[in-house]
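Rule-based calculations on the coordinates, nothing more; no lab input. Please read all numbers here as calculations on a predicted model, not as lab measurements. Methodologically, a virtual Cβ is constructed for each residue, glycine included, from the backbone with ideal geometry; neighbour enumeration extends over all protein chains shown.
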Amino acid sequence: MSTVLAGVDGCKAGWVAAVRRPGSRDEIAVVDRFSSLVDALPDDAVIAVDMPIGLPDVTRKGGRGPEMAVRPLLGQRQSSVFSIPSRAAVYAEPAGFTTLDAWYEAHRRSSAVARATSDPPRSISIQAFGIFSKIREIDGLLRDRPDLRGRVHESHPEVAFWRLNGMQAMSLPKKVKGRVSAPGMEERRALLAQSGLERTFLDRPSPRGAGDDDVLDACAMLLIAARIERGEARPYPDPPLVDSCGLPIAIWV
């Protein structure tokens, strides 16, 4: 392997990345901005990220093509794949929020835009709203830098684990009632080790600002980046769709 690979997931501090450099051991890094990570990597680095890329103008039932394509693969884990609302809804409230009340009010306003740009009308889940700032971050970067569109690929951890697990969904949930589940985490950690990551690397304490589940998801993204670099990964749907800004719409695994 001569290409630098990175698997990335959002986290409390910004972004957590599992990075593989030729001739070096895998490493974990936390950065506050996705652009900072991209700028720190070589121009030909391959990046897989757990974040939607490509936004619809109008949301249909079931979400974008990628969501509809991968949900049937995941069985009981399919609830981890939520529908992505319209570009207008994602950008409806770009300002930061200083209070919880302001955050909930912004969620209500964004939901109103989402209902007006979906068929049938659909509000935004709290989970989806919570990552809008990160969706905008990547969306803006790829719109400003078209050269990155062939290097930064959307993926999804549970679909990645499905692929690594011989196209079988994981039997245990990663979270139960919003809390990380130790059995589900161990099932995924063991699979990552079987798939080529060092167990000592997977067992290290997570860096400040990133949860244990964020780190494991970034590691799964790293293995998908390796599949992309080797030409083994497949997009869902195949071929990828394209949004009105020219961004690809597909989940790669």
**Request:** Sequence neighbours fewer than 8 away in the same chain don't count; with that in mind, list the aspartates and glutamates whose C-alpha is under 15 Å from Lys177.
**Result:** Asp213
**Item:** Mean shadow area of the chain, taken as a quarter of the surface of its Cα convex hull (nm²)
**Value:** 13.0
**Request:** Using only Cα atoms, locate the centre of region 131-185 and the centre of region 1-69, then give the distance between them in Å, rounded to an integer.
**Result:** 8
**Message:** Counting each pair of different Cα atoms once, what's the Kirkwood radius of region 2-70 in Å, rounded to one decimal?
**Reply:** 13.8
**Prompt:** For the chain, modelled as a GNM with alpha-carbon contacts under 10 angstrom, which of Gly96, Gly54, Gly65 fluctuates the most?
**Reply:** Gly96
**Request:** Return a whole-number percent for the relative contact order of region 77-205, with Cα pairs under 8 Å and 6 or more residues apart as the contact set.
**Result:** 18
**Message:** With the alpha-carbon atoms as the only input, what is the per residue convex hull volume for region 54-176 in Å³?
**Reply:** 124
**Where Rh is the Kirkwood radius over Cα pairs, Rg/Rh for region 6-125** = 1.03
**Request:** Would you give the gap between the C-alpha center of region 188-245 and the C-alpha center of region 80-99, rounded to a whole Å?
**Result:** 24
**Message:** Which of the three applies to region 198-253, rounded, prolate or oblate, going by the alpha-carbon gyration tensor with a ≥ b ≥ c and a/c under 1.5 meaning rounded?
**Reply:** oblate
**Asked** Name the residues of region 127-171 whose amide N is less than 13 Å from a point 7 angstrom out from the Cα of Gln76 along the C-beta direction?
**Response** 169-171
**Request:** Could you state the angle between the C-alpha long axis of helix 132-144 and the longest principal axis of the C-alpha atoms of the chain, as a value from 0 to 90 degrees rounded to the nearest 10?
**Result:** 80
**Request:** Under a cut-off of 24 Å between alpha-carbon atoms, report the lysines in cross-link reach of Lys174, not counting same-chain residues fewer than 8 places apart.
**Result:** Lys12, Lys134
**Message:** Can you sort Leu222, Leu216, Leu191 from fewest to most other Cβ atoms within 10 Å of each residue's own Cβ?
**Reply:** Leu191, Leu216, Leu222
**Asked** Where in region 4-37 is the amide nitrogen less than 18 Å from a point lying 7 Å along the Cα-to-Cβ axis of Arg136?
**Response** 10-15, 32-36
**Order of Tyr91, Tyr236 under a 10 Å beta carbon neighbour criterion, fewest first** = Tyr91, Tyr236
**Request:** Evaluate the relative contact order of region 1-139 (contact order divided by residue number), counting alpha-carbon pairs under 8 angstrom at least 6 apart; express in whole percent.
**Result:** 21
**Asked** In what order do Met170, Met185 fall by count of nearby beta-carbon atoms within 10 Å, going from fewest to most?
**Response** Met185, Met170
**Request:** Averaging sequence separations of C-alpha pairs under 8 Å and six or more residues apart, then dividing by the length of the chain, give the relative contact order as a whole percent.
**Result:** 30
**Prompt:** Where is the GNM fluctuation largest for the chain (alpha-carbon springs, 10 angstrom cutoff): Asp101, Asp147, Asp43?
**Reply:** Asp101
**Request:** Sum up the charges of everything whose Cβ sits under 14 Å from the Cβ of Lys174, counting Lys and Arg as +1 and Asp and Glu as -1, but leave Lys174 out.
**Result:** -3
